[in-house]
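The values are calculated or read from the model by the stated rules, or taken from the named source; none is laboratory data. All of these numbers come straight from a predicted model, not from anything done at the bench. For neighbour counting, all protein chains shown are included, and Cβ atoms are generated from backbone atoms with ideal geometry for every residue, glycine included. Side chains are part of the model used for accessible areas, which takes the heavy atoms of the whole protein and leaves out ligands, DNA and RNA. Shrake-Rupley method; radii C 1.70, N 1.55, O 1.52, S 1.80 Å.
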Protein chains: 2
Amino acid sequence: MTTARASAAPEPSGDGTAGRRGRGGGAGTKGVPRALREEQILAAALEEFGRHGHAAASMAEIARRVGVTKPMLYTYFGSKDGLYTACVDHIGPRLRAAIEEAMASGPEREALPRAVLAAVFDTLQDCRHAWFVLYDRTLPHDSAPWQAARRHRAAVDGLAAAGTAALLQAEGNDDALDADALKHVWTGTVSALVGWWIAHPELSAGDMTARWSRLVAAVRTGA
Amino acid sequence: MTTARASAAPEPSGDGTAGRRGRGGGAGTKGVPRALREEQILAAALEEFGRHGHAAASMAEIARRVGVTKPMLYTYFGSKDGLYTACVDHIGPRLRAAIEEAMASGPEREALPRAVLAAVFDTLQDCRHAWFVLYDRTLPHDSAPWQAARRHRAAVDGLAAAGTAALLQAEGNDDALDADALKHVWTGTVSALVGWWIAHPELSAGDMTARWSRLVAAVRTGA
DNA sequence: CCTTGGTAAATTACTGAGAGGTCACATCCA
DNA sequence: TGGATGTGACCTCTCAGTAATTTACCAAGG
């Protein structure tokens, strides 16, 4: 299906004196294979959806960022909800796998949150807004994107739940609601850190992890 | 301006055999003074905007919840952005005042977050979604609602900043970025708790505060 | 080597629905 | 009567979604 033939697509894109083409910017193919275009569209959509939310994001704007027109998005992804769902299906498993790997590498109890955060930052370093595609409170209830996001969040949060529940049980707390609330506080903390990271583009994933360690140290000894 | 005259408005609303009116549900006044209607609209708008976000919320739906038609909303608030701004101007100062009062009553350093949270939960108990009107990441950049929300958040966050900065400095950390990040983590924690509270309507503000205390205790001694 | 058809990659131009916003008019109370 | 409260109908514009068409590439076949 992929039939990836060219190493790097020519993509004159914008050049007025189009290379081998007579008319600059006409209809026809630009030599970009479908698989590659899908990746480009997905990347642009992750950013737009993450930045503005499902409702405020516009298909035309996503197409414009890619350097393509709307019908391409619809031939490749069917609908706005289809594209959003594809975004969720793209970033969800990647986050889940990264977190699973971080947890499986068996850090000590105390360093586990740090390891998970490092995995999250590492996964999001080139698409930081993608986090908020998964954690968008404004998705229309029961829509396809809502269900997809819910499913993938459950997978990610399940890992968090394991850690937080163990922590509470170690203190003799078996309240299921407490565990659920603490899980939410954890994902909320991750959201806050990712949101802050977006506002500081110059910082690397490693910078963020280091900062987290410093904050935890301060809060644990102080407070 | 208020001229609140009636103790409780009659509001037949929906009753086919309207009380004293010939035509059921016609045009004319329903005896609800402007100030009261504005409160009703504001309450409905806070819920709708908080639940669905600025873009996905619809003026028609807000009007329907109040039992009124769209032109009323525009007569009273001018525009969608005007209504959103009014929501922000309504909840922002209330939250700020509550937090200020909680901090001014001088709890010990350690109990300060708990006191602030109690104030927040108390303020939001009848309009929990309102928090997300203030903290909506999807507001169109530089729009009037965005600026208003930013301003009020700054006021609320400023109080948080005082606490977090003091905490870090006590540990010998003077990094301004660390303080800013910790402030965001704090507001993210509040957001997470409020979001979780929305999913558990049966819990009171007091329940939430107690739960917070339990979680903090577990996390501090453990982890 | 050059046509030639088939397929993949794109675009232009359009439609339709829904939501923001407005206007003229209706009703009620003082 | 006049101002406050309120509605029905309408306008307009954006945006999701679609149909028809156009161009480029690629492989055979003459």
Number of the condition not met by residue B:147 [criteria: (1) away from chain A (no Cβ under 14 Å); (2) under 28 Å from residue B:37 (Cβ atoms); (3) in contact (Cβ under 8 Å) with a residue 12 or more places away in the chain]: (3)
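This table checks each residue for (1) closer than 23 Å to residue A:199 by Cβ; (2) more than 18 Å from the chain's Cα centre (by Cα).
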| residue | (1), (2) |
| --- | --- |
| A:101 | no, no |
| A:106 | no, yes |
| A:110 | no, yes |
| A:113 | yes, yes |
| A:127 | yes, no |
| A:150 | no, no |
| A:167 | no, yes |
Meets criteria (closer than 26 Å to residue B:199 by Cα and surrounded by fewer than 17 Cβ atoms within 10 Å (Cβ to Cβ)) for residue A:177: yes
Qualifying residue in the range B:188-199 (condition: more than 8 Å from chain A (Cβ to nearest Cβ), open to solvent by 50 Å² or more (accessible area, probe 1.4 Å) and of a type in the set (Gly, Ala, Ser)): yes
Complete set of residues in the range B:126-152 that are surrounded by 15 or more Cβ atoms within 10 Å (Cβ to Cβ) and of a type in the set (Gly, Ala, Ser): B:130, B:144, B:148, B:149
Unmet criterion (only one of (1) on the phi > 0 side of the Ramachandran plot; (2) of a type in the set (Gly, Ala, Ser); (3) at the interface with chain B (Cβ under 9 Å from one of its Cβ atoms)) for residue A:106: (3)
Residue B:211, sole failed condition from (1) over 15 Å from residue B:115 (Cα atoms); (2) within 9 Å of another protein chain (Cβ to nearest Cβ); (3) surrounded by 17 or more Cβ atoms within 10 Å (Cβ to Cβ): (1)
Qualifying residues in the range B:117-142 (those that are in contact (Cβ under 8 Å) with a residue 60 or more places away in the chain and of a type in the set (Val, Ile, Thr)) - the one farthest from residue B:52 (Cα to Cα): B:120
Criterion (part of a loop (DSSP other than H, G, I, E, B) and within 11 Å of chain B (Cβ to nearest Cβ)) met by exactly one of A:203, A:168, A:182: A:203
Qualifying residue in the range B:41-53 (condition: among the hydrophobic types (A, V, I, L, M, F, W, C), within 9 Å of DNA strand C (Cβ to nearest atom) and in contact with a helix residue (DSSP H, G or I) (Cβ under 9 Å, 6 or more places away or on another chain)): no
Condition met for residue A:88 (β-branched (Val, Ile, Thr) and away from DNA strand D (no atom under 12 Å from the Cβ)): yes
In the range B:32-43, the residues that are at pLDDT below 95 and open to solvent by 30 Å² or more (accessible area, probe 1.4 Å): none
Extreme residue, surrounded by the fewest Cβ atoms within 10 Å (Cβ to Cβ), among residues of the range B:153-174 that are polar (S, T, N, Q) and within 11 Å of residue A:219 (Cβ to Cβ): B:173
Residue within the range B:151-160 that is at negative phi and within 10 Å of chain A (Cβ to nearest Cβ) present: no
